[in-house]
Structure formats: structure tokens, C-alpha cells
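S.K.: Below: one structure in C-alpha cells.
The values are calculated or read from the model by the stated rules, or taken from the named source; none is laboratory data. Note that the coordinates shown come from a computational prediction; the quantities given were computed from them, not determined experimentally. With ideal geometry, Cβ positions are generated from the backbone for all residues, glycine too; neighbour counts draw on all protein chains shown.
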Amino acid sequence: MNGTRRRGARLRLALAGAATIALLGPLAWMWQDSLMPDAYSVMDMGYADYGGALTHVGATSGHSEHSEHSEHSEHFEHSEHSGHSEHTASARSLTSLTADPDRAADVAITLVARRQRFRLPTGRSVDGYTLNGASPGPVIHATVGQLVEVRLVNESVPDGITLHWHGVDVPNAADGVAGVTQDAVGVGRSFTYRFVAGQAGTFWYHSHQVSHEQVRRGLLGALVVTPAARPPAGTADVVALLHLYDGARTINGREGDVRAEARPGERVRVRVINTENGQTPVWVGGAPFRLAAVDGTDLHEPASVRDTAVTVTAGGRADIEVTMPEDGSPVRVHIGGPAGVVLGSRSYDAPAVPRPSTTLDLLSYGTPAPLGFDPDRPDRRFDYEIGRRPGFLDGRPGVWWTINGHMFPDVPMFVVAKGDVVRMRIVNDSGEPHPMHLHGHHAVVLSRDGVRATGGPWWVDSLEVGTGESYDIAFVADNPGIWMDHCHNLPHATEGLVAHLMYEGVTTPFTVGGTGGNKPE
Ligand code: C2O
Ligand code: CU
């Protein structure tokens, strides 16, 4: 009797043990499998997606045997033909993709980064980082066509730093992504960025080393590129960089209103830069306005509107153009709340107005104009479908973002050739909005949820893709390199919402991790 019972207990124990192993075995395997190597090249991440292009340069190498939707490729390729780079004679390191090295700089500036405690004008102290002693760093001004040269010196930021030129289609070597286009700049070192300011508009710069932490704590600033022609008399220009320091909402580093002088009848361009992790609404009290530009690109024939809000994507910019009332009354440009930019001369007493219930839809704003290419005859078509599922990310259990069903780092590498017309469908089934940012290119929005764009060309580098939304965008692959294509809610990037666009034949000598401690997210 006793013996039987004991045997039964033993059997139950054995079964429980087997069940545990059956359950934990795969979990342990998944955990182990998710661990990232100490150092890796993004070229070796995930699987190549050729966007349906049947021919590509060097078709015999590396990933050509993988079908576009290979489901079970390894996270990292270790074969002789590893990586997505085409190992042909034409392979070229991205370090050679620079502005003309013989050309002298038109705008030259040195930025010294420090780890520093600094004070907001209200007295609140922030433990963060500065550039030339302040955060945000200085506004860099250039006119179109000028060569901008920025020497970045790291005086005391322990993790190392970089600068990324958000929205500027720089040569790849100047893109500032640690572990992809350069090594993080360690304490006591410097790095020089050179690029031609090819487009007039509002841009910004920020660190792309441990960016979720370094951007939040202050390594950022504005970059304004103005047209070559002098602005007509009677126009004014104001930068309004929105940033959250330890929970304090600031404009140009100040809590509360920023005042800017504008005379009656004057036309003012307020350049709103959203450096936060989420979108923000902007609206105007006291005058009608036009949305003159988005993400550094002028809109075509934007109509004057009133009682309408504009949403600015995280990482995105919106240039609000206001014509000052002739009677001298001030105008309030609300940025995310009651505070904002107050434009005036005699008085700055502009009352706050509530956020309008109408939001400007850029899908139908402005009037059509030629794109300069035909998006209906693409050379490549990509999907960028964002989902979410439980699993391990570098050994950490959690519910992580997926791209086309794959979890980082087993994500697609979007491969293009120079000159390709590329279409991409971004679908968000992840339950949270994502401000998607492609480096090095501007893309035009073709449709949202299947509804075609009917307004002026809506060019973006940062696009809010809301929950359940889908966008079709298109761009011309005209800037060779290896470019991040990620969520600009920067904590989401650390949670794996990062992929890359890579040009055939371009390679990088840099690795994420390694002795330089490169951590782009
Ligand atoms: Cu503004 Cu990859 O970043
Ligand atoms: Cu996101």
C-alpha cells in the first residue's frame, strides 16, 4: 500500500519534472537564443528583404538564396558570405560617403559636450548634458548650399556621444549613429561632421549614442537652413524647440512662454521642433495661420486656417506662419498646452485659448504638385508591419515590438540600389502609436488607411503611425549608405523597434557594442 503510494508520488514528481523541463526547456532555449553577441554589425542582423526586386547587383552572394520572407533565418549570419552586403568588387565602406573633403566649410562650429548639472530659467536644476554649456545647444544657422562643419568634442560624457542631423539628408558617414556610421566619441575625443545643407527648412540634431537617455537629458539643438535669397522685409523667424527636462515642458530651454517681437502686419515663421517622445498639438490664438512646412519641406499652397490644431510628430517639425494683426494685438502660438510662443510688440498679453477640436489633416491640405518621380512604378515594395508579442530581448523577458512578425534583432534589412523608387507600407497593429523615422531620406505620403493623399505633397522624415493605422509612403533611394529606420519614441527603439535600410554594395566597419560601447538606441 505504502509502496504503491510512494511509487505514485515518485511518478507524479517525475511527471512534474518532465512538465517543468518541457516548459522551461524551450524557454531556456529562447532566452539563450535571444542573447546578443558582445559586438555585431548591423549588416549581419536579421534577414534581407529585397522588396520584390528580382535582380540586384552581385546576385550570387550572401542573402540571395533567402526568399524575401524567409521566416527562420538566423539572427546573425556566420557563413562565409555573411551579411547583406554584396561582396563584390564594388563594395564600399560608408566611411567614404562624405561631403567633398576638399571643399572649405561655410559654417564652422565647435560643440563641446559635458555631463553637467544646469538650471532652467525658473531655477529648476537638471542633472543632464550640455553643449557649449547649455541645453538645448546653440541654434545652428546655414543657408541652402552651404557646407556645414561641426566639430563635436566630448569633454565629460562617460558613455560617449555622437550627433545625428535629424531630417537632414546628410552623406552617410555624417549620420552620427553609434555602431553604424561611426564609433561613439569617448571622453577626451572629438569627431567632425561635414555636410551640405541641401534643403531649406527646420531640422534638429541630437546624440545617437544611448539616445533614449542622452536626448532626454539634453544633448540636442536646432538647425535652421534658410533659402539663399534674403528674406523679404517684414518677415521674422522664431525657433521653438520643445523639450521635456525631468518632466518640465520647455520651449528653447525655458518653462512657460517664449516672447518674440513681431510688428503689426509682419509675417512670422515659428519653427516648432518636437524633441519629445510623443506627438504634440500646436494651435494659434489671435490670428489665422498657415502650416508652411513639415519636416523641413515647404507645403504647396497651404491655405490659411483658424480654430484648427496641427499635430507635430515626435522628432518632427512644423513651421507655423502667422501674419500679425494690423491692430497690434499679440498672437499666441500654443505648443502642447497653454504655454507657447507669444508674438507681439506693444503687448505680449495674449490670452490662452483652448485647443480647437479640429485637427489639420495633411492628407488633404494644400494643392497637388509634381513629386519628381512616379511612386506607382516602384522598383521595390516593402512592408514595415509593427506588432507586439511576448518573448526575450537580449535575455530580458517582456512584451516586445515586432517588425513583420520578427523580433529584434531578427528584423528585416530593407535592401535597395541607388536610384530605386521605393514604396513602403507601414502598418501598426501593436496597440500603441509609433513616430517612424527613416534616416537620410524624405518620403512622401501616398495614402493613409487606403485613402489617397489629395493635398500638396506631404514629405516626411518623421511620421506618426497611430494605432491600427496604415500608411503608404514612397521615396527615391538617392543617398547610399546604411540608414536606421526606427521609432522615435526612443524607449521603443531600445525595445527593438529598429530596422535598417541598406544600399547594395555599402558596408560598415563599425559594430554595435564592442570595446567602444556603441549603443545607438
Ligand atoms: Cu532623431 Cu535615429 O533619430
Ligand atoms: Cu514606437
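S.K.: Could you check how many residues of segment 290-311 are in a loop (DSSP other than H, G, I, E, B) and touching a Lys or Arg at 6+ places or on another chain (Cβ under 9 Å)?
M.R.: Count: 6.
S.K.: Could you check residue 473 against (1) away from ligand 1 (no atom under 16 Å from the Cβ); (2) under 17 Å from residue 170 (Cβ atoms); (3) surrounded by 24 or more Cβ atoms within 10 Å (Cβ to Cβ) and say which number it fails?
M.R.: (2)
S.K.: Right, another one. Which of (1) away from ligand 1 (no atom under 16 Å from the Cβ); (2) surrounded by fewer than 19 Cβ atoms within 10 Å (Cβ to Cβ); (3) under 15 Å from the mean Cα position of the chain (by Cα) is the odd one out, the single condition residue 459 does not satisfy?
M.R.: If we test residue 459 against (1) away from ligand 1 (no atom under 16 Å from the Cβ); (2) surrounded by fewer than 19 Cβ atoms within 10 Å (Cβ to Cβ); (3) under 15 Å from the mean Cα position of the chain (by Cα), just (2) comes out false.
S.K.: Could I ask something else about it? Counting only residues that are under 27 Å from residue 467 (Cβ atoms) and basic (Lys, Arg), give me the strands (runs of 3 or more DSSP E) lying completely in segment 329-402 with at least 1 of them.
M.R.: By residue number, 380-393.
S.K.: Something else about it: Pull up segment 46-58, narrow it to residues that are modelled with pLDDT of 90 or more and under 27 Å from residue 520 (Cβ atoms), then point me to the one that is surrounded by the fewest Cβ atoms within 10 Å (Cβ to Cβ). Spell out the reasoning first.
M.R.: Restricting attention to segment 46-58, the residues satisfying the condition of being modelled with pLDDT of 90 or more are 46-52.
This time we only want the ones that are under 27 Å from residue 520 (Cβ atoms), so: 46-51.
Numbers: 46: 25, 47: 23, 48: 25, 49: 28, 50: 24, 51: 21.
Applying the filter and picking the extreme gives 51.
S.K.: Next question. Could you say which residue among 346, 355 is assigned by TED's automatic domain parsing to the domain that holds residue 247, among the charged types (D, E, K, R) and out of contact with any Phe, Trp or Tyr (no Cβ under 9 Å at 6 or more places or on another chain)? So that I can check it myself, show each step before the final result.
M.R.: Working: 355 fails: out of contact with any Phe, Trp or Tyr (no Cβ under 9 Å at 6 or more places or on another chain).
Every option except 346 fails the conditions.
S.K.: Among the listed residues 427, 415, 445, which satisfies the condition of being over 21 Å from residue 42 (Cα atoms), away from ligand 2 (no atom under 16 Å from the Cβ), aliphatic (A, V, I, L, M) and part of a strand (DSSP E or B)?
M.R.: Numbers: 427 fails: away from ligand 2 (no atom under 16 Å from the Cβ); 415 fails: over 21 Å from residue 42 (Cα atoms).
The unique qualifying residue is 445.
This table checks each residue for (1) more than 21 Å from the chain's Cα centre (by Cα); (2) surrounded by 13 or more Cβ atoms within 10 Å (Cβ to Cβ); (3) modelled with pLDDT of 95 or more; (4) under 25 Å from residue 443 (Cβ atoms).
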{"residue": "354", "(1), (2), (3), (4)": "yes, no, yes, no"}
{"residue": "365", "(1), (2), (3), (4)": "yes, yes, yes, yes"}
{"residue": "382", "(1), (2), (3), (4)": "no, yes, yes, yes"}
{"residue": "391", "(1), (2), (3), (4)": "yes, yes, no, no"}
{"residue": "404", "(1), (2), (3), (4)": "no, yes, yes, yes"}
{"residue": "419", "(1), (2), (3), (4)": "yes, no, yes, yes"}
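S.K.: Hey, another quick one. Please identify the pairs in which a residue from segment 365-389 that is not assigned by TED's automatic domain parsing to the domain that holds residue 311 has its Cβ atom under 6 Å from the Cβ atom of a residue that is part of a strand (DSSP E or B) and among the aromatic types (Phe, Trp, Tyr), counting only partners at least 6 apart or on another chain.
M.R.: 382/414; 388/401
S.K.: Can you tell me which condition residue 471 does not meet? The list is (1) out of contact with any His (no Cβ under 9 Å at 6 or more places or on another chain); (2) within 15 Å of ligand 2 (Cβ to nearest atom); (3) in a loop (DSSP other than H, G, I, E, B), and all the others hold.
M.R.: Evaluating residue 471 over (1) out of contact with any His (no Cβ under 9 Å at 6 or more places or on another chain); (2) within 15 Å of ligand 2 (Cβ to nearest atom); (3) in a loop (DSSP other than H, G, I, E, B) leaves (3) as the failure.
S.K.: Hey, another quick one. Is there a residue in segment 253-262 that is crowded, with 20+ Cβ neighbours inside 10 Å, at pLDDT 95 or above and under 23 Å from residue 459 (Cβ atoms)?
M.R.: no
S.K.: Specify the residue that is surrounded by the fewest Cβ atoms within 10 Å (Cβ to Cβ); the eligible residues are those in segment 142-170 that are hydroxyl-bearing (Ser, Thr, Tyr) and more than 20 Å from the chain's Cα centre (by Cα).
M.R.: 156
S.K.: Now, a different point. Might you let me know whether segment 408-416 holds any residue that is in contact (Cβ under 8 Å) with a residue 60 or more places away in the chain, surrounded by fewer than 19 Cβ atoms within 10 Å (Cβ to Cβ) and within 21 Å of residue 482 (Cβ to Cβ)?
M.R.: The answer is no, given that none of the residues of segment 408-416 is in contact (Cβ under 8 Å) with a residue 60 or more places away in the chain, surrounded by fewer than 19 Cβ atoms within 10 Å (Cβ to Cβ) and within 21 Å of residue 482 (Cβ to Cβ).
S.K.: Here's something else I'd like to know. Quick one: which strands (runs of 3 or more DSSP E) sit completely within segment 100-195 and have at least 2 residues that are away from ligand 1 (no atom under 16 Å from the Cβ)?
M.R.: On the way: elements: 107-119, 125-131, 140-143, 147-154, 164-166.
Ranges flagged: 107-119, 125-131, 140-143, 147-154.
S.K.: Of the numbered conditions (1) closer than 23 Å to residue 481 by Cα; (2) more than 12 Å from ligand 1 (Cβ to nearest atom); (3) buried (at least 21 other Cβ atoms within 10 Å of the Cβ); (4) not polar (S, T, N, Q), residue 224 fails exactly one; give the number of that condition.
M.R.: Condition (1) is where residue 224 drops out.
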